[in-house]
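Q: The structure follows.
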Amino acid sequence: MKRTLTGLALATTAALVAATPALLATPAQAAAPKNPVTAVKKQLVPGKGLKFSERIILTAGDREDVFVRRTGTLQFGKSGIAASDITGKFAITLSDLGGDEAPEELKALAKPERTIRIGTTSYLSGGLWSSLLPEGETWFKAPHGPTGGLTGTFGQPVNVAEQGTLKTLLKTAKPVSGGYAGTITVGALRKVSPWYRASSIDTDLPAKALKSVITWKLTVNAAGLPVRLVSTFPQTAITGSGSKKDGLRVDTRFTGWGDAVSIKAPTAEDVSSEFENGKDDLSSLDLPFGVSVAK
């Protein structure tokens, strides 16, 4: 009997020892999440798309303030993103800008702006654009225009619907609980991402901006599809100036993968190819926040 109990004890101990690594393993160690590149590739079907919502948060020391809120829809084509419809708004009110006595262009910043992009042609409405358009016109047509207007400059730099971008990120990423995490420089992201190159950021960024590091964490669902992406980067990533200690955090949530999407350009009678002052080039504008629009 004693010998039998001893044998059972030894067998149980051996089983526990063998099981301990699995019991102590983190979720990331136990099972790496599915590859988002493969999952996203399956979604790139013409007429399908996704929706997103995000908050852009300014960070300065221990202080954090919501700077911009955005929502949008992406429509897919055979090779990637065919169209997009994005609305963004600075987290400010008219009273923050001085009330009714403020200049019209400044007051316009308190209004939402909307950007419809078909291929590489952008249509801009609301926000700052509402104060620059000729009377009776509601949209400005910008060939090779920005993806998200003025607010898009501060939006999510990483587009999860771009296969090339995801592949680049995952080359140096580490599996974490629920997804992946890693870093990428602004320069490296600009090389691989057409969306980022057209995101209202100046095409002639200084070396300081190109060397700025974007830290990111991607959460995926059971199918490997992105459901959340949080990116953090310093102010220098936007214009090359400012403090490296202060920056932005962009928290983006994705829904509706595979939903039917149909994005159309505004009707021609509502569209102008010139601003009220007769100019037709976005790069000629003196934009706030030190922003230069991509040319």
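Bear in mind these aren't lab numbers, they're just calculated from the coordinates by the rules spelled out. All figures in this text were calculated on a predicted structure; none of them were measured in a lab. Don't worry about glycine lacking a Cβ; one is built from the backbone with ideal geometry, like all the others, and counts go over all protein chains shown.
Q: How far apart, in nm, are two points set 7 Å out from the Cα along the Cα-to-Cβ line at LEU287 and at HIS144?
A: In this crude label model, LEU287 to HIS144 measures out at 1.6 nm.
Q: Right, something else. Non-local amide H neighbours of SER199 (under 5 Å, H modeled in plane, Pro and chain starts lacking H): which ones?
A: HN-HN under 5 Å from SER199: THR147.
Q: From the phi angles alone, apply the Karplus equation (6.51, -1.76, 1.60; θ = phi - 60°) to the stretch 85-99 and give each ³J(HN,Hα) in whole Hz, x where the residue is Gly or Pro.
A: Each residue's phi maps through the Karplus curve to give 9, 10, 10, x, 8, 5, 7, 9, 10, 4, 5, 5, 9, x, x Hz.
Q: Also, quick follow-up: Roughly speaking, what is the stretch gain from LYS41 to ASP251, that is 0.36 nm per residue apart minus the C-alpha to C-alpha distance, in nm to one decimal? Write down the numbers at each step before the final one.
A: Values: separation 210, 0.36 × 210 = 75.60 nm, distance 2.29 nm.
Full extension from LYS41 to ASP251 adds 73.3 nm.
Q: If you rank ARG117, ARG228 by fewest surrounding Cβ atoms within 10 Å, what's the result?
A: On the way: ARG117 29, ARG228 18.
Sorted ascending by nearby Cβ count, the order is ARG228, ARG117.
Q: Hey, another quick one. If I take the Cα coordinates of the stretch 190-262 and project them onto the principal axes, what are the three extents in Å, biggest first?
A: Principal extents (largest minus smallest coordinate, Cα): 40, 27, 18 Å.
Q: On a full-extension model of 0.36 nm per residue, what is the gain between THR215 and SER273, subtracting their alpha-carbon distance, rounded to one decimal in nm?
A: Numbers: separation 58, 0.36 × 58 = 20.88 nm, distance 3.79 nm.
Roughly 17.1 nm would be gained on extension.
Q: Got the relative contact order for the stretch 158-290 handy, in percent, Cα pairs under 8 Å and 6 or more residues apart? Walk me through the intermediate numbers first.
A: Working: 178 pairs, mean separation 22.2, N = 133.
The normalised contact order for the stretch 158-290 reaches 17 percent.
Q: When all C-alpha to C-alpha distances in the stretch 36-290 are sorted into bins of 10 Å, what percent of pairs does each bin hold, rounded to whole numbers?
A: 7, 30, 37, 21, 5, 0
Q: Also: What list of ³J(HN,Hα) values in whole Hz, one per residue of the stretch 44-57 in order, does the Karplus curve 6.51 cos²θ - 1.76 cosθ + 1.60 (θ = phi - 60°) give from phi, with Gly and Pro shown as x?
A: 7, 10, x, x, 9, x, 7, 10, 9, 9, 8, 10, 9, 10
Q: Going by how many other beta carbons lie within 10 Å of each one, how would you line up GLU135, GLU113, GLU274, GLU104, fewest first? Numbers along the way, then the final one.
A: Details: GLU135 5, GLU113 24, GLU274 15, GLU104 9.
The order, fewest Cβ neighbours first, is GLU135, GLU104, GLU274, GLU113.
Q: Taking amide H positions as placed in the peptide plane 1.01 Å from N, state which residues far from GLY49 in sequence (5 or more) or on other chains have amide H under 5 Å from it.
A: Here PHE76, GLY258, ASP259, VAL261 satisfy the definition.
Q: Calculate how large, on average over all directions, the projected area of the Cα convex hull of the stretch 130-201 is; give the answer in nm² to one decimal. Mind dumping the intermediate values first?
A: Numbers: hull surface 25.5 nm².
Taking a quarter of the hull surface, the average projection is 6.4 nm².
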